[in-house]
Amino acid sequence: MPEADLDLIVRAAEEAGQIALAHWRGTFRHWEKDEGAGPVSEADLAVNAALEQALRAARPDYGWLSEESPEDPRRATAARVFVIDPIDGTRAFIAGEDGFAVAVAVVEDGQPVAGVVHQPARGVTYAAAAGQPATRNGQLIRPRKARLEGAEVLTTKAALDPAFWRGRRVPRIRRSFRPSLAWRLCLVAEGRFDATLSMRPVWEWDVAAASLIAVQAGCTVTDRRGRALVFNRMPPLGDGLIVAPPGLHHELIAALDVEPPEPAQAGPGRAAG
C-alpha cells in the first residue's frame, strides 16, 4: 500500500541521510565513473548500501534500480520496484554545498506510487504517495501560477539554445539552477520557482520520486515532447523533462520546437519495454 511504503522510504531516506552527513565536508574518496558518467564518492556507495539493506529487508519481493548498484534483472518482472538515487547532486556534495538529496521512489506498473526527496544538510523532507497531497516537512505544498514570459525556470544554459525553441525565439524567462535535479522538481512543486526543464536525457533515479511529489502538488510532469513519464524502463533513461503548473506547461510545450508526442512505452515486464 502506498502509505505504508511511504512511511518506509521516508524513514530509510532520513536514516541514510545521516550517513551522508557523516561524510559531508569531511575527508572521503571520490572519483569519476567510466564513460563520462559523472562523479561518485564513498558516501554515495555507503548511502546506497544502507538503503539497499533496509529496503530489501523490508520488501524482499520488490525490484531494485539504483544509480550506484549493478543491474537487478528481477526488476523486469517485479510488481513493485525501488528507484534510488543515493546522493542526487554528487558534485555539490563533494564541493561541500548543501543542495544534495537522497531520492527514493516505489514504482508500480511504470508509475511512482510513493516518493521521498530528503535533503539532510538542509533538514528538509519532501514526500508524496499516489492519491495523497505532497508535503514539505509535513506541510502541504502547491505550485504557483505563472505565465511563460517572465517565468522563473530552473534549467541549464544549454536549454536556452535558440535551436530548441520555435522560430528560434527564446522566451523572456529568468533562469536559475540548483545542483540536484530532484530538488529542482520539488522547488517547482512548492511554488518557489515556476518550472524546470531539461532538453537532455534524464535518468529515472533522478526524477522518479520528485515527479510524484510534483504531480501530487498539482504540476504537470512530462518528457520534453509532452509525453507522460514511464518508469522502470530498459534502459532507465527518459527523453528530457518539463515540470510546471498546467497552464505554464502548456505554454512551454507550445513554445518548444520538438517533434509531436509519440506513445510512451511501458516498463519492462509490465508491457513492451
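Annotation: amide H-H contacts under 5 Å for SER66 (H modelled 1.01 Å from N, sequence separation of 5 or more, or interchain): ILE84. A simple charge model with +1 on the Cβ of Lys and Arg, -1 on the Cβ of Asp and Glu and nothing else charged puts the dipole of the chain at about 1040 debye relative to its Cα centre.
Solvent-accessible area assigned to carbon and sulfur over the chain amounts to 51 percent, based on a 1.4 Å probe. For region 152-255, the solvent-accessible area of protein heavy atoms averages 37 Å² per residue (probe radius 1.4 Å; ligands and nucleic acids excluded).
To the nearest whole percent, what portion of all C-alpha pairs in the chain is separated by more than 33 angstrom? Of all Cα-Cα distances in the chain, 16 percent exceed 33 Å.
Look at the Cα gyration tensor of region 121-216: its axes a ≥ b ≥ c give a/c of at least 1.5 with a/b over b/c, and that counts as prolate. Based on the reciprocal of the average 1/r between different C-alpha atoms, the Kirkwood radius for region 17-160 equals 16.9 Å. Using θ = phi - 60° in the Karplus curve 6.51 cos²θ - 1.76 cosθ + 1.60, the 3J(HN,Hα) couplings for region 92-109 round to 5, 4, 4, 6, x, 7, 9, x, 8, 8, 9, 10, 9, 10, 10, 10, 10, 6 Hz; x is entered for Gly and Pro. Solvent exposure of region 1-150, expressed per residue, is 46 Å² of accessible area, with all protein chains present and a 1.4 angstrom probe. GNM on the chain, alpha-carbon springs under 10 angstrom: the most fluctuating residue among LEU248, LEU140, LEU181 is LEU140.
A cut-off of 5 Å between modelled amide H atoms, ignoring neighbours fewer than 5 places along the same chain, links PHE193 with VAL188. Per residue, the average separation of C-alpha pairs within less than 8 Å and at least 6 apart gives region 5-140 a relative contact order of 22 percent. Between GLN139 and ALA163, the FRET efficiency estimated from the beta carbon spacing at R0 = 45 angstrom works out to 0.65. GLU149 label point, 7 Å along Cα→Cβ, cut-off 18 Å on backbone N: hits in region 159-183? In region 159-183, the label zone of GLU149 (backbone N under 18 Å from the point 7 Å along Cα→Cβ) covers 166-175. Springs join every pair of Cα atoms under 10 Å in this Gaussian network model of the chain, and among ALA95, ALA208, ALA195 the largest mean-square fluctuation is at ALA95. Label separation (SER176 vs ARG192): 0.7 nm, computed from points 7 Å beyond Cα along the C-beta direction. Note on region 152-255: dipole from Cβ charges, positive end direction compared against VAL153, ASN232, GLY218; the farthest Cα belongs to VAL153. Once the Cβ-Cβ distance of ARG29 and ASP98 is raised to the sixth power relative to R0 = 25 Å, the FRET efficiency obtained is 0.75.
Among the trypsin sites (Lys or Arg not before Pro) within region 1-94, those in coil by DSSP and having at most 13 neighbouring Cβ atoms inside 10 Å are ARG25, ARG29, LYS33. Using a Gaussian network model of the chain with C-alpha springs under 10 Å, which one of PRO179, PRO235, PRO112 is most mobile by mean-square fluctuation? Greatest mean-square fluctuation among the candidates belongs to PRO235. Using Cβ point charges alone (K and R +1, D and E -1), the dipole size of region 111-244 about the Cα centre works out to roughly 540 debye. Of all the stretches in the chain, which is the longest one without any exposed loop site, taking GluC sites (Glu not before Pro) in a DSSP loop (any state but H, G, I, E, B) with at most 16 other Cβ atoms within 10 Å? Excluding the exposed sites themselves, the longest stretch runs over 150-273.
The values are calculated or read from the model by the stated rules, or taken from the named source; none is laboratory data. Not measured: the values here are computed from a predicted model. Cβ coordinates were reconstructed from backbone atoms using ideal geometry, including for glycine residues, and neighbour counts include every protein chain displayed. What goes into the accessible areas is simple: the full protein's heavy atoms, side chains included, and nothing from ligands, DNA or RNA. Shrake-Rupley method; radii C 1.70, N 1.55, O 1.52, S 1.80 Å.
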